[in-house]
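Only one structure is covered here, and it is reproduced in the block below.
The values are calculated or read from the model by the stated rules, or taken from the named source; none is laboratory data. All figures in this text were calculated on a predicted structure; none of them were measured in a lab. Here Cβ is always computed from backbone atoms with ideal geometry, including for glycine, and neighbour counts include all displayed protein chains. Each accessible area value is taken on the protein alone, full model and side chains, heavy atoms only, with ligands, DNA and RNA left out. Shrake-Rupley method; radii C 1.70, N 1.55, O 1.52, S 1.80 Å.
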Amino acid sequence: YYGCVFLLYELSTPFLNIHWCFDKLGMTGTKAQLYNGIALLVVFFSCRLVWGAYSSFNIYKDVWDALQLGGMSKMDTSDELMIFGTDRSLPMWLVVLYMSGHVILQVLNVWWFGKMIAAVKKRFTGKTNKKE
């Protein structure tokens, strides 16, 4: 499940590459690049912001549930699954590292999305929100 989350994050990459190709082919500002830019924004927003936030929430919930289990496992774990696990508790350093990584990446996604909107807006309207 979690691998699928990260694959969906990259669904916007082809649109970004196509956008770059339009620039290199001298097609900057064309309708094709505009439509591609809109598709890029929609896919980025849907996959990284909406789906990413939903998936992060589910991951936070799973980690919270694992923390609630503590040292005593309520799950049916076989000895084969725990052959390399001597301690069934979740280390706090791992929780902090993993959760802070998700928060940082989600904040970066929001920041990048804002930059993408500004870039598309500048390219097709010639206006920016910069104060000079």
| query | What residue, among those in the stretch 19-55 that are polar (S, T, N, Q) and under 15 Å from R123 (Cβ atoms), is least open to solvent (accessible area, probe 1.4 Å)? | reply | Q33
| said: Against the definition (in contact with a Gly (Cβ under 9 Å, 6 or more places away or on another chain) and either at pLDDT 90 or above or open to solvent by 80 Å² or more (accessible area, probe 1.4 Å) (or both)), how does Q68 come out, yes or no? | reply: no
| said: Which condition from (1) open to solvent by 100 Å² or more (accessible area, probe 1.4 Å); (2) modelled with pLDDT under 85; (3) within 20 Å of F15 (Cβ to Cβ) is the one that E80 breaks? | reply: (3)
| request: Would you be able to say whether some residue in the stretch 102-125 is modelled with pLDDT of 70 or more, over 17 Å from the mean Cα position of the chain (by Cα) and open to solvent by 100 Å² or more (accessible area, probe 1.4 Å)? | output: yes
